[in-house]
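The values are calculated or read from the model by the stated rules, or taken from the named source; none is laboratory data. Here the structure is a predicted model, which is why all the values come from computation and not from measurement. Please note: Cβ atoms are built from the backbone with ideal geometry, for glycine as well, and neighbour counts cover all protein chains shown. These accessible areas exclude ligands, DNA and RNA; they are computed on the full protein's heavy atoms, side chains included. Shrake-Rupley method; radii C 1.70, N 1.55, O 1.52, S 1.80 Å.
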Amino acid sequence: MQQHQLRLYVVGQTPNSTRAIENLRRICEEQLLGEYDLKVIDVLKEPHLAEQDKIIATPTLVKELPPPLRKVIGDLSDIDKVLLGLDLVGAKRNDNPRPESSPANEETK
Amino acid sequence: MATETNNTGPFPKVATGIPGFDLVTDGGLPKGRSTLVSGTSGSAKTILAVQFLVNGIQNDDEGGVFVTFEETPDDIARNVMAFGWDLAAFQKQGQFAIVDVSPEPGGVVVEAGGYDFSGLLARIEAAVKKVNARRVSVDSISALFSQFADAGMVRRELFRLSAGLKKMDVTALITAERVAEYGDIARHGIEEFVADNVIILRNILQEEKRRRTLEVLKYRGAPHQKGEFPFTVSDRGIEVLPLSAMELTQKSSNVRLSSGNEVLDGMCGGGFYRDSIILISGATGCGKTLSVTTFLDDGSKRGEKTLVFAFEESREQLLRNAIGWGKDFRKWEDEGLLKIVCAYPETLGLDDHLLRMKREIEAFGARRVAVDSLSAMERVSTGKSFREFVIGLTSFIKERETAGLFTTTTASLMGGTSVTEENISIITDSIILMRYVELMGEMQRGITVLKMRGSWHDKAIRQYDIDDKGMHIGKPFHNVGGILAGTPVQVVGGEIEKLDGMFEGPRDGVTVTGADR
């Protein structure tokens, strides 16, 4: 399985931003077992990056890899939706490379 | 009352540089605020939004930011190239930036929790800083509603966007889609959330013709012109025709021009005024085109540039007619003193005709302009739009201190008036009537000056003939009444004496009552 490449766009230190970062970190640790590359981008500081991804709403999570490119907006508190957006719903059941550590996943689900 | 006095303070506006727009809006868009421009699909919202920015860059050296929710930046740049606006060049010069939020094909966005549009606002702010923008156009916010599920949230965020723009101290033009030409201001009830100022663009189908209008619906606290104003989209972008907002500022000239016919000049008290509009009304074949030809020929002879818009005859026909009267139009054309513009009235809408005519007059630098005939234009228009057309044309001509000779055709051979006259007679400075007169079993022609603003004129109805030298005006019709009514009656001698007596002073003990009052 390819390593996940993720970008999370936030604006400043708003409650939405903080929540989104926390939620995403937790999901990534639990679902991707640390196999991910996450970049948190503050649009205020790096607006040109937001240009490329046509960001309107924040927070926005962009999954660059594996394809297809997907966007999830919101503070990522709805974990089911986040997994759907990251194409992780099917992957978790069938293609998990390390099934022995999956109990942790099941718990959070 | 106290609040009212606060509202009457000065409202600074930003001149958009869009022709006519600043007149209709009493100066342009409210400075530092957002104005909503709402219109149906195809009502030229995007063009207006881009033109506002382009004019800022070109005229006032003010940077502009375009936020697009619908079309891609490439599409926009390509589309407005037709107006000569090179967005890519402006971008390179660092005066223009596009914030691209156009939807991505097949881009499904999952919503997972609370969010807002801070990201968008941050991008706009960055772009505004980057090009030092004073103007921002957002086109069109209605598209946002299809991208996000929660309409209430979108509205709330648009309100924030509007407030954010205000904080950036930019003058913003925000477009929105509406469903019907007359009805809700915009879809999704946007207007209440976005702007104090609302302008509506309409694209109405009226008697099989498209008619574009612009209306300033509200300009909170600021003065503006009321009602719908026609506008056109030409190869230079939008041009508003602020007809009813036009001021009568034309200078008045005392210089007289010759009509090319000495007797007619005499009847007008010495000729037409330099900046006047003359209307010649007559039935078919009574010599209207001849009058036009004589008038233009006289101008060319004096080295003045003359221009004729022919809506009934082709260039060849006009040239042949002129030759028939001994006027060599071809020579004047070759010398660059005459231009003949022929067009079928049906080919364009009235607004486009007006725009074209203005450009021709301007480009050629005409000092005498003739339109033959206005009735042909009326055929393809509605009453209101025709009146606007004539007002637009006359004021343009007068502003340039140019003389305008228009002809109009009466429906009946004898007497009567044309509808054209009824509509526009008050706009013209002079009216000359040419009528057929049936007398003693013979068709004769009569001419009279009905109106000559600011000058004495001959009140008689004079007989005239047309031959290969042109028009020959003769003596007044004596002993004939009812010519203008179309029912000429020979008045016998005795009656004339009686008539004479009526208007003379008291005689033989007869008192004329009410004569002094």
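Can B:ALA133 be described as more than 9 Å from chain A (Cβ to nearest Cβ), of a type in the set (A, V, I, L, M, F, W, C) and surrounded by fewer than 18 Cβ atoms within 10 Å (Cβ to Cβ)? Before the answer, list the steps.
Values: more than 9 Å from chain A (Cβ to nearest Cβ): yes; of a type in the set (A, V, I, L, M, F, W, C): yes; surrounded by fewer than 18 Cβ atoms within 10 Å (Cβ to Cβ): no.
No; evaluated as a whole, the condition is false for this residue.
Is one or more of the residues making up the stretch B:48-63 farther than 19 Å from A:GLU51 by Cα, modelled with pLDDT under 90 and open to solvent by 20 Å² or more (accessible area, probe 1.4 Å)?
no
Across the stretch B:209-240, what is the number of residues that are at pLDDT below 80 and closer than 24 Å to B:LYS398 by Cα?
0
What are the pairs, 6+ residues apart or on separate chains, where a residue within the stretch A:12-29 that is within 9 Å of chain B (Cβ to nearest Cβ) has its Cβ under 7 Å from a residue that is open to solvent by 100 Å² or more (accessible area, probe 1.4 Å)?
A:GLY12/A:LEU44
Which of the residues belonging to the stretch B:280-329 are within 23 Å of B:PRO345 (Cα to Cα) and assigned to a loop (DSSP other than H, G, I, E, B)?
Hits for the stretch B:280-329 are B:ALA283, B:THR284, B:GLY285, B:CYS286, B:GLY287, B:PHE311, B:GLU312, B:GLU313, B:SER314.
Give the residues of the stretch B:348-370 that are in contact (Cβ under 8 Å) with a residue 60 or more places away in the chain, within 25 Å of B:LEU290 (Cα to Cα) and surrounded by fewer than 24 Cβ atoms within 10 Å (Cβ to Cβ), sorted by residue number.
Of everything in the stretch B:348-370, those that are in contact (Cβ under 8 Å) with a residue 60 or more places away in the chain, within 25 Å of B:LEU290 (Cα to Cα) and surrounded by fewer than 24 Cβ atoms within 10 Å (Cβ to Cβ) turn out to be B:GLY365, B:ARG367.
Take B:GLY266 and tell me if it is crowded, with 24+ Cβ neighbours inside 10 Å and on the phi < 0 side of the Ramachandran plot. Walk me through it before giving the result.
Values: crowded, with 24+ Cβ neighbours inside 10 Å: no; on the phi < 0 side of the Ramachandran plot: yes.
No; evaluated as a whole, the condition is false for this residue.
Being of a type in the set (Asp, Glu) and at the interface with chain B (Cβ under 10 Å from one of its Cβ atoms) is the requirement here; does A:GLU64 meet it?
Details: of a type in the set (Asp, Glu): yes; at the interface with chain B (Cβ under 10 Å from one of its Cβ atoms): no.
Here the answer is no, as A:GLU64 does not meet what is asked.
Among the residues of the stretch A:34-53 satisfying the criterion of being hydrophobic (A, V, I, L, M, F, W, C) and in contact with a strand residue (DSSP E or B) (Cβ under 7 Å, 6 or more places away or on another chain), which is farthest from the other protein chains (Cβ to nearest Cβ)?
Here is the first cut: in the stretch A:34-53, the ones hydrophobic (A, V, I, L, M, F, W, C) are A:38, A:40-41, A:43-44, A:49-50.
Then keep just the ones that are in contact with a strand residue (DSSP E or B) (Cβ under 7 Å, 6 or more places away or on another chain); that gives A:38, A:40-41, A:43, A:49-50.
Details: A:LEU38: 16, A:VAL40: 13, A:ILE41: 10, A:VAL43: 4, A:LEU49: 10, A:ALA50: 5 Å.
Selected residue: A:LEU38.
Residues that are modelled with pLDDT of 85 or more, open to solvent by less than 30 Å² (accessible area, probe 1.4 Å), touching a helix residue (DSSP H, G or I) at 6+ places or on another chain (Cβ under 6 Å) and assigned to a strand (DSSP E or B): does the stretch B:457-469 have at least one?
The answer is no, given that none of the residues of the stretch B:457-469 is modelled with pLDDT of 85 or more, open to solvent by less than 30 Å² (accessible area, probe 1.4 Å), touching a helix residue (DSSP H, G or I) at 6+ places or on another chain (Cβ under 6 Å) and assigned to a strand (DSSP E or B).
So how many residues does the stretch B:105-130 have that are at the interface with chain A (Cβ under 8 Å from one of its Cβ atoms), open to solvent by 10 Å² or more (accessible area, probe 1.4 Å) and over 26 Å from B:LEU48 (Cβ atoms)?
10
What's the number of the only condition in (1) touching a helix residue (DSSP H, G or I) at 6+ places or on another chain (Cβ under 6 Å); (2) closer than 22 Å to A:LYS45 by Cα that B:PHE148 fails to meet?
The failed condition is (2).
For the stretch B:259-279, name all the residues that are part of a helix (DSSP H, G or I) and either aliphatic (A, V, I, L, M) or touching a residue at least 12 places away in the same chain (Cβ under 8 Å) (or both). Walk me through it before giving the result.
Let us first name the residues in the stretch B:259-279 that are part of a helix (DSSP H, G or I), namely B:262-267.
Across the stretch B:259-279, the qualifying residues are B:VAL263, B:LEU264, B:GLY266, B:MET267.
Within the stretch B:75-104, how many residues are out of contact with any helix residue (DSSP H, G or I) (no Cβ under 7 Å at 6 or more places or on another chain) and within 14 Å of another protein chain (Cβ to nearest Cβ)?
Going through the stretch B:75-104 one residue at a time, the tally reaches 3.
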